[in-house]
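Participant: Below is a structure I'd like to ask you about.
The values are calculated or read from the model by the stated rules, or taken from the named source; none is laboratory data. Since the structure is predicted, the reported quantities are computational estimates derived from the model, not experimental observations. A quick note on method: Cβ atoms are made from the backbone with ideal geometry, for glycine too, and the neighbour counts reach across all protein chains shown.
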Amino acid sequence: MTIVGTYGNIQSIHPEAMLAGGGSLRCLTMQLHRKQKKSSNRLLSNNCKREDEHTLFRMTLRCQMKGIIPSHLMPHLSNRFEIIGDVAVVSIPHELDDYRDDIAREIISKRGNIRTVLNKVSKLAGDKRIAEFEILSGDSTETFHREYGYIYKLDVKEVFFNGRLSFERRRVASMVSPSEHVLVPFCGVGPFAVPAAASGARVIAIEKNADACRWLAENIRINGVNDNISVIKGDAVNSTKMLNCTFDRVIVPTPYGMDSFLKNVSLLVKKSGMVHFYTFKKQYQIEDLVKEYQNMGFEVSFYRRCGNVAPGVSRWVFDLVKQ
Ligand SMILES: C[S@@+](CC[C@H](N)C(=O)[O-])C[C@H]1O[C@@H](n2cnc3c(N)ncnc32)[C@H](O)[C@@H]1O
């Protein structure tokens, strides 16, 4: 990595400087995408019912575990687990501690593309929004995750990644046009920033977690978008101090509890520019929230729920047009 500028203790890195080699990355991306599609189809015909997003499947794990886990313990077993690349992430409650290895073995035996099974033993926590995991099977938590033709390399233990947002990311990416300047604070390993850059927009991505920045640099290279993204390793809260330009679009995958960031970042949005703002709310809070955004000088052009995060609490996205 070459540092091409600093903002106080914040470093701006141009990904071009990180580019090593080149090759036919586009071609690789397409091949992998086709492979992923094939394997998804195989899974679907294998009794796996797809949910609304691409990487979360409702599996027949309970069916698989019949005869292994006693029936009185079965209600503790969730059918759901997340897949990030070739890593499966399950949350096994203590009641099923004795069956962790059996569960991992069943997942691997029925899913040819899973290499590692992790048990999530804590909730997402801290600034980095990462959980603690124990490895039930396999030896690596590094993986390649494929999403709508893009590839993200990451270590599940080091960075936040939520494959269930793939549809939402595609929705946002489809709105980006090549002439735009786009800001992505809290960018993680790049699932919003990389597609925006691939649309031809000029993107500035901000991320605090050094590991996520390292993976982002890799993903920029893998996806061949090095000409269009600049990465700032630093605190997005300082965005207005470190950037002296305005943006056509700001995509804010807001970490929990940082809703006040909207006021801050709205100073960086051009008139008629758009903010895609993500927030965790209960249904009854939405009406007031719409009014609050209007009072802040935004037109709420669209909003929707995009996933549950806790009982009664959902992740919502608001598309806000600056007046
Ligand atoms: C909710 S995750 C979203 C990650 C990514 N956009 C995605 O969809 O996968 C939030 C990300 O923001 C980063 N983060 C948290 N606080 C930050 C801050 N103050 N400044 C910059 N990045 C921050 C975390 O490290 C994490 O990668």
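Participant: Filter the stretch 100-159 for residues that are of a type in the set (Val, Ile, Thr) and over 21 Å from the mean Cα position of the chain (by Cα) and give the result.
Facilitator: Scanning the stretch 100-159 gives 103, 107, 108, 135.
Participant: Consider the stretch 269-281. How many of its residues are basic (Lys, Arg) and under 21 Å from the mean Cα position of the chain (by Cα)?
Facilitator: Qualifying residue count, the stretch 269-281: 1.
Participant: Inside the stretch 187-200, can you point out the residues that are surrounded by 23 or more Cβ atoms within 10 Å (Cβ to Cβ) and either more than 21 Å from residue 238 (Cα to Cα) or modelled with pLDDT under 95 (or both)?
Facilitator: 191, 194, 195, 196, 197
Participant: Restricting to the stretch 254-268, and then to whatever is more than 9 Å from the ligand (Cβ to nearest atom) and modelled with pLDDT of 95 or more, can you tell me which residue is farthest from the chain's Cα centre (by Cα)?
Facilitator: 267
Participant: Could you list, in sequence order, the residues of the stretch 294-323 that are in a strand (DSSP E or B), surrounded by 12 or more Cβ atoms within 10 Å (Cβ to Cβ) and small (Gly, Ala, Ser)?
Facilitator: Passing the criteria: 307, 314.
Participant: In the stretch 174-224, how many are more than 16 Å from residue 146 (Cα to Cα), more than 16 Å from the chain's Cα centre (by Cα) and charged (D, E, K, R)?
Facilitator: Total meeting the criteria: 2.
Participant: Across the stretch 189-213, what is the number of residues that are in a loop (DSSP other than H, G, I, E, B) and among the small types (Gly, Ala, Ser)?
Facilitator: Residues that pass the stated criteria total 4.
Participant: Any idea which of 159, 117 is at pLDDT 95 or above, part of a loop (DSSP other than H, G, I, E, B) and surrounded by 19 or more Cβ atoms within 10 Å (Cβ to Cβ)?
Facilitator: 159
Participant: Return the only residue of 167, 133 being within 25 Å of residue 306 (Cβ to Cβ) and modelled with pLDDT under 95.
Facilitator: Residue meeting the stated conditions: 133.
Participant: Search the stretch 218-238 for residues being assigned to a helix (DSSP H, G or I) and buried (at least 23 other Cβ atoms within 10 Å of the Cβ), and hand back the single one that is nearest to the ligand (Cβ to nearest atom).
Facilitator: That would be 236.
Participant: Among the residues that make up the stretch 176-188, is at least one of them part of a loop (DSSP other than H, G, I, E, B), within 11 Å of the ligand (Cβ to nearest atom) and in the same structural domain as residue 70 (by TED's automatic domain parsing)?
Facilitator: The answer is no, given that none of the residues of the stretch 176-188 is part of a loop (DSSP other than H, G, I, E, B), within 11 Å of the ligand (Cβ to nearest atom) and in the same structural domain as residue 70 (by TED's automatic domain parsing).
Participant: Take the stretch 173-186 and flag every residue that is among the β-branched types (Val, Ile, Thr) and surrounded by 24 or more Cβ atoms within 10 Å (Cβ to Cβ).
Facilitator: Matches in the stretch 173-186: 182, 184.
Participant: What number of residues in the stretch 140-153 are more than 9 Å from the ligand (Cβ to nearest atom) and touching a helix residue (DSSP H, G or I) at 6+ places or on another chain (Cβ under 7 Å)?
Facilitator: Qualifying residue count for the region: 8.
Participant: What are the pairs with Cβ atoms under 8 angstrom where one residue, in the stretch 116-130, is touching a residue at least 24 places away in the same chain (Cβ under 8 Å) and at positive phi and the other, located anywhere, is within 11 Å of the ligand (Cβ to nearest atom) and not aromatic (Phe, Trp, Tyr)? Sequence gap at least six, or different chains.
Facilitator: 129/255
Participant: Something else now. Just to check your reading of the model, which residue among 192, 161, 167 is in contact (Cβ under 8 Å) with a residue 60 or more places away in the chain, within 15 Å of the ligand (Cβ to nearest atom) and touching a Leu at 6+ places or on another chain (Cβ under 6 Å)?
Facilitator: None of the other options fit; the residue is 161.
Participant: Run down 231, 300 and say which single residue is β-branched (Val, Ile, Thr), touching a residue at least 24 places away in the same chain (Cβ under 8 Å) and within 23 Å of residue 169 (Cβ to Cβ).
Facilitator: Of 231, 300, the one residue that is β-branched (Val, Ile, Thr), touching a residue at least 24 places away in the same chain (Cβ under 8 Å) and within 23 Å of residue 169 (Cβ to Cβ) is 231.
Participant: Residues to consider are 124, 118, 136; find the one that is under 15 Å from residue 212 (Cβ atoms) and outside the structural domain of residue 274 (by TED's automatic domain parsing).
Facilitator: After ruling out the rest, the residue left standing is 124.
Participant: Can I ask one more? Being farther than 27 Å from residue 224 by Cα and more than 13 Å from the ligand (Cβ to nearest atom) narrows it down to one residue among 136, 124; which is it?
Facilitator: Step by step, each of 136, 124 is checked, and only 136 is farther than 27 Å from residue 224 by Cα and more than 13 Å from the ligand (Cβ to nearest atom).
Participant: I would also like to ask the following. Let me spell it out: the conditions are (1) buried (at least 19 other Cβ atoms within 10 Å of the Cβ); (2) assigned to a helix (DSSP H, G or I), and residue 263 meets all of them except one. Which number is the exception?
Facilitator: (1)
Participant: When residue 251 is evaluated against the numbered criteria (1) within 13 Å of the ligand (Cβ to nearest atom); (2) outside any strand (DSSP E or B); (3) under 22 Å from residue 130 (Cβ atoms); (4) of a type outside the set (Asp, Glu), which criterion, by number, is the only one it fails?
Facilitator: In the conditions (1) within 13 Å of the ligand (Cβ to nearest atom); (2) outside any strand (DSSP E or B); (3) under 22 Å from residue 130 (Cβ atoms); (4) of a type outside the set (Asp, Glu), residue 251 misses (2) alone.
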